[in-house]
């Protein structure tokens, strides 16, 4: 039984938050405060923490989805479609042989629905096209959360940039008022440049996280679409096996009128022969009776 993907997502995001918090604690305790990397992370910690949390959550969700997909792909690849033409009795047998623990997998769901449609004399080719479209839509829906992370992380990074620029711009009145005092002006400019550095650091980290997530999404989606195509190919092969039996039945049904006509023609010929024989015998008997009457 599959767990709710929504509940799994909440659980994984909670674990990701704890993991991000642990990473921050480790970095703070192990890195020297004066280094660039330390300042890169801790000068604007709230924004960097949020993006790190979302990034780790995206990694966990990708790993969980890939693990679920890999298990299903491994099971489906071990299955071989029957190498014989599938009649109705064979379809019933195949339905009974599907293991209970695999009935929730996309591969076996497709096979089950096609076999049932075949038994009910439905259009299995059109049904397979509808099911294929449904599977591709399911793949797309499965990436909604990951795509949301891909879009949110740059926005959060840009938010840090905007806040940093706002803090820097707020010092312009102070700069203009102390323009005559060089020492104070240098201090204000140093603080201003630090604010600008922090502003761009948040966007830089967000872009780095986003690039990784985009690559992971592309990899995962490619794998899932290839798996969906394998399911579609297996379903088409099964349909061809079914259609071979249907074509044979149609040929036999087309021969039935011809066989019936031949049977009727043969029966008519035999009936005509019997009637002719009967008429001839009756005519001769009648003629003999008339001749005997005349002799008398």
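Each value in this text was obtained by applying a stated rule to the coordinates, not by laboratory testing. These numbers were taken from a predicted model, which means no experiment stands behind them. Here the Cβ is made from the backbone with ideal geometry for all residues, glycine too, and neighbour counts use every protein chain on show.
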Practice item. Just round it to a whole percent: the fraction of Cα-Cα distances in the stretch 5-115 exceeding 25 Å. Key: 51 percent
Review point. Fully extended, how many nm does the chain gain between residue 147 and residue 123 (0.36 nm per residue separation, minus their Cα-Cα distance)?
Key: 5.0 nm
Point to revise | Pairwise label distance in nanometres, residue 133 with residue 196, each label 7 Å out on the Cα-Cβ vector | key: 5.5 nm
Exercise for review: Could you work out the per residue convex hull volume over the alpha carbons of the stretch 87-157, in cubic angstrom?
Suggested key: 82 Å³
Review point. Along the Cα-to-Cβ line of residue 78, 7 Å from the Cα, sits a label point; which residues in the stretch 106-123 have backbone N less than 17 Å from it?
Key: 106-109
Practice item. Give me the distance in nm between label points sitting 7 Å out from Cα along the Cα-to-Cβ direction at residue 71 and residue 215, one decimal. Key: 2.8 nm
Practice item. Mind sorting 169, 242, 125 by how few other Cβ atoms lie within 10 Å of their own Cβ, fewest first? Key: 169, 125, 242
